[in-house]
Each structure stands twice: as structure tokens, then as C-alpha cells.
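Here the structure comes first, spelled out in C-alpha cells, and everything after it is commentary.
What follows draws every value from the coordinates through simple rules; no lab data is involved. Remember, predicted model here, so these are calculated numbers, not experimental data. Note: ideal-geometry Cβ built from the backbone for every residue, glycine included; neighbour counts use all protein chains shown.
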Amino acid sequence: GITRHYKFDIQMTNVTRLCHTKSMVTVNGQFPGPRIVAREGDRIIVKVVNHVQSNVSIHWHGVRQLRSGWADGPAYVAQCPIRTGQSYVYNFTIVAQRGTLFWHAHISWLRATLYGPIVILPKLGVPYPFAKPYKEVPVIFGEWWNADTEAVINQALQTGGGPNVSDAYTMNGLPGPWYNCSAKDTFKLSVKPGRTYLLRIINAALNDELFFSIANHTLTIVEVDAVYVKPFDTDTLITAPGQTANVLLRTKPSFPGATFLMLARPYATGQGIFDNTITAGILEYRHSDASSSPSSSKKLPLFKPSLPSLNDTTFVASFTSKLRSLATTQYPAKVPQTVDRHFFFTVGLGTSPCPRNQTCQGPNGTKFAATINNVSFSMPATALLQAHFFGQSKGIYTPDFPITPLIPFNYTGTPPNNTLVGSGTRLVVLPFNASVELVMQDTSILGNESHPLHLHGFNFFVVGQGFGNHDPAKDPAKFNLVDPVERNTVSVPPGGWVAIRFLADNPGVWFMHCHLEVHTSWGLKMAWLVLDGNLPNQKLPPPPSDLPKC
Ligand code: C2O
């Protein structure tokens, strides 16, 4: 591979959407941010310089970061944030991955405006395992707030209530014609007939899983989270924040001047923080004759897709059951066949008591909180990876994250009152190369809700999923250990569970959290500490000299 250099200047820029201009944090003044393009095997070096008042850090979402945990990015986990006037060089290699990922800020809610695509092409001379596309187009979903998003989350945390929902969903940063004042801010994809386009779809929204569909066109899913899958056709894609997908779009033989809507809108479950609006883009067939301008041609109707209903869990379950690893000799599915460590994690929302002399806006005057195994994770004052590497864990973290819930209960029945047991900075410690099985169970404390859980530093295999309470006596017999999908973010179904397996072959401290940003803010997060192995190539190297200090 070769080395590719990028410079990210974090700066304030005025951006206007919905007739509202705000000064917001950007990379190089661009929104969405610049695209990183590399081939499998390349080294990527990004110099990030912070010119704004806020602390920042950047995460390369889905990049495995094999023995390069110092470049992973989550603030107070992998590194201390980059402070005003400071810089940090992220240096990592793309090992055995190709497809679409994305980068985003990983501190507070800054990822609302700081995000962009990562395109990883196969090694030179290695073809895709599907027909070569005529063109490749990133399609990145996001959310736009007219207000400053830091103010939105700070106000929610101070009052204990839910944050204000966004004012629009966006497609490549553009809300589209169905929002006030946005007709000119519409993503248009101009296509030729009879060609195959590769759409690199990224869900960078903060708080919503999204359905996506193009009128009168079929999408062929060929890759998710930078891993090839067995291709399958669908009218609609479901994608959670943190998930990516490559889909093939075959254009019709001839349709000059025809236009089709591409729509994305939320899949909303439980207490979801969602805004029931739709972002629209336009797929437009070029006129074969360049001289005929659109105004002179007869106006064709704008075709509109029908999307699943807002809470169509049946569609989502059916879609996810179709996702399978390619599992060929060239792209094998290396599913761990045996398990060294079993974990059972509950994930869900709850409430905590309102502090005296305060009025709280959560359910029944409480504060919203979220937990894994009844523990709401508190962010430390220094980076966990640093504390671990330099043997300074005292007062920063404890290695005792519970491997099962502190209070077991009927997760899909009536919950007890005291499900929130407390908060802490507790880690799971894993020996190098441990084979891990983790079952994640949604709790219905505040209603059933889908939680997209993201694991840093690893891909995992989704070996099973179901509704109701996970049954450890019956369910494992049905696990798929042959061709389960391999990914970095999976939704725990509302009122259900999901089982994943991964090999802990990457030493370091690795964050795992709900990628619905508001749930992360409420504590739905934890971290794994994977110890060094015995061989030199099984150890985390020392940090770069410019690693930021807290
Ligand atoms: Cu995409 Cu921890 O994040």
C-alpha cells in the first residue's frame, strides 16, 4: 500500500439550511466534510488542527485500528481531546477491509456537523465480487438543527429531559424539497440509462435509524460496514446510525428526463427522539439529446416510493435476516466456532432520581438515564487507554464491568422500579485472542426500543437474534456459525436480543456504545480492555509523541 496524507483544519464556518444561517464547527469549511479515499493496505495520515473553542477528536468509524488504538479517536477513551490551538496526527493502516466507512467527531454532539465518507477501494487489480459499477456515489444521511447542537444536548442533560429533535434530515448535507425553503438544497443524482451505479450509503444521523428507498428502482445490497455480503435485492434499505452499505442501482434502459424521488425517513421505536419528516433527493435520467433542454421537453411525473411505516419492525427483522457474509474462499467468514467468554448485557433506557432543589423534565419528574447491565457509564477525566498503558488506572477506572445484569428481571415484561443501579467507569478485561460471545438484550423499562450498538476496534459476527427474552437454553442451538453477517454496528431489536461473536485480537481499550447519540449521552456505553499478547506483534505500541494531554 501507499501512504495518503490529509489535513483537517477544524474551523468555524457559516452554513445556511432551511433559511437559517449558523456558525458551526466544520473540517476545512466543508459540510459534509471531505472524503477520505484509500485502497485496502494503504496507510492514512491525517493531521487534525483545532482552530475552534471546543475540544475535538475524530473517530474513523469501522476502521479496525489493528494495534493502532491511539488513532481510534473517542475522547477520554482512546485519547484526551485536541484542545484549542493544538493538533494531533492520526496515523493508521487499513488492514483487510474494503468498502464504505465514515469518519466523525467523537466528543459530545460535535459529530452533528463533523462527518464525512471513508471510501476504501480493493487492492489494485483486485475486482469487486460483483459487476464493475459505471460510477460510485456516496450518499450520506445526517441531521440538521437550526440551533447549536452543543446547546441542545447540554440543555437536555441539565434538565434531565429529552433533547429537541432535529429540524431536518439531510442527504449529502441537503434537506431536500419537502422542507421549508430547501428546494435549492436538494441532492440530485443525474444518471445515464442502462448503467450500474454503486451507492455508498452512510447513516451519520445522530438519533435515528432510517429507511431509504428510490421510486421504481431496486437496490442490490452487496456490502455492509465494509464487508461483502451475499447480494440481495430490496426496495428499501434500513440503516442505523453508524452503519454503512454499498448498494447497486441499475438504471432503466431509456427514460430521458424522468425523475424519481429518493427518500429517507426514520424507523422509530419506543421513546425514540425522532422527527416525523422526510428528506428527499432526486434521481434524474439525463436527456440523451443534449440540445433538448428540460423546459422544452414534456414534463414527466415525479415518481415517489412508498416507505415502510414508522415502526415497521417486521420489515426490519426480515431485512436483517437476509444479511449474510459472502463466506467464499477469497472472503471467508472467520466466525469463532468456540467461545472462551460469555457475556449477557442488558441495554436500555431508565430514569434516575431528580436532584433535590431541581425540577427535572424526564418521565414523572425524573432524569433520563441509560445503562448496560444497570450501570450508567461515566466518562473519566483522562483517557482510559493512556491510564491503562501507563499503569495509572487508580481513580480512573475499575476492571469489574458486570458480565450479567446486576438486577436480572423479566426484560420484556413489567420492570421493577430500581433498575438503575448506579454509574461508574467499569471495564471488561479480556486476555489477548479471547473468543467472545455477547448477547445483548433490550429492556422494556421505558418501552421497547431498538438500540444500534457499535463496537470499536473489531468487526463481529451477528450469530443470532430474536424477540422476547433471550433463552440461553434454547436459542444458541439456532445460531448461524456458517455465514453470519460481519459488521461493526448492530441493532438490538426492540423488545428482543441479538448475539454476536468476536475474537479479541486487538490489544487496547475499545469503546462500545449505542450509536443513538442521545443514548450515549445518557450513559449507554462501556469499554473493553484487551490485554497484550506474548509475541511482539501482539502488543500495543507506545503512543505517538503528540498524543494530546488532558
Ligand atoms: Cu461512530 Cu464510537 O462511534
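Observations
- Working from label points 7 Å from Cα in the Cα-to-Cβ sense, the SER378 to LEU121 distance is 5.0 nm.
- Three principal axis lengths of the range 127-323 [C-alpha, angstrom, descending]: 60, 41, 28
- Degrees, to the nearest 10: 149-159 long Cα axis against longest axis of the chain: 40 degrees
- Between THR404 and THR13, the contour length at 0.36 nm per residue exceeds the Cα-Cα span by 136.2 nm.
- Counting other Cβ atoms within 10 Å as a rough exposure proxy, the listed residues PHE368, PHE141 run PHE141, PHE368 from fewest neighbours to most.
- Alpha-carbon Rg with Dmax, taken over the chain, Å: 22.8, 74
- With the highest mean first, a sort of the peptides 175-181, 481-487, 396-402, 74-80 on other beta-carbon atoms found within 10 angstrom per residue produces 74-80, 481-487, 175-181, 396-402.
- Spread of Cα-to-Cα distances over 5 Å intervals beginning at zero, given as percent, for the range 1-126: 2, 11, 21, 24, 18, 12, 7, 3, 1, 0
- Where both bridge residues fall in the range 1-126, DSSP classifies roughly 70% of the beta bridges as antiparallel.
- Of all DSSP beta bridges in the chain, antiparallel share, percent nearest 5: 70 percent
- Exposure proxy ranking, count of Cβ atoms within 10 Å, fewest first, for ARG426, ARG356, ARG265, ARG43: ARG356, ARG43, ARG426, ARG265
- Residues SER393, SER306 arranged by fewest to most Cβ contacts within 10 Å: SER306, SER393
- Among the listed pairs LYS188/LYS304; LYS123/LYS252; LYS123/LYS539, those whose Cα-Cα separation exceeds 22 Å are LYS123/LYS252; LYS123/LYS539.
- Once the C-beta distance of THR328 and ASP471 is scaled by a Förster radius of 25 Å, the resulting FRET efficiency is 0.15 to the nearest 0.05.
- Size of electric dipole in the range 1-126: Cβ of Lys, Arg +1 and of Asp, Glu -1, about Cα centre, debye, nearest 20: 160 debye
- Per residue, the average separation of C-alpha pairs within less than 8 Å and at least 6 apart gives the range 470-550 a relative contact order of 23 percent.
- For the chain, taking a cut-off of 4.7 Å between Cβ atoms, the unpaired cysteines are CYS514.
- Report summary: the helix-based calculation at 222 nm, which adds -39500 (n - 2.57) for every DSSP H run with n ≥ 4 and divides by the residues of the chain, gives -1500 deg cm²/dmol.
- Inter-part distance where the range 16-91 and the range 404-459 are each reduced to a Cα centre, Å: 29 Å
- Part-to-part distance (alpha-carbon centres) for the range 466-501 and the range 248-269, which is given in Å: 32 Å
- Per-selection Kirkwood Rh - the range 341-538 (Cα, Å, 1 d.p.): 17.4 Å
- Each principal axis of the range 494-550 carries a Cα extent, and these read 44, 31, 11 Å when sorted largest first.
- In this label model, HIS20 and GLN392 are separated by 4.2 nm, measuring between points 7 Å along each Cα→Cβ vector.
- Furthest towards positive pole of dipole, ILE407, GLN441, PHE345, structure part the range 341-538, Cβ charges: ILE407
- Of all lysines in the structure, those lying under 21 Å Cα to Cα from LYS367, and not within fewer than 8 positions of it along the same chain, are LYS525.
- Pairwise label distance in nanometres, GLU136 with VAL95, each label 7 Å out on the Cα-Cβ vector: 2.2 nm
- In terms of packing, defined here as the mean over residues of other Cβ atoms within 10 angstrom, the peptides 494-501, 29-36 line up highest first as 494-501, 29-36.
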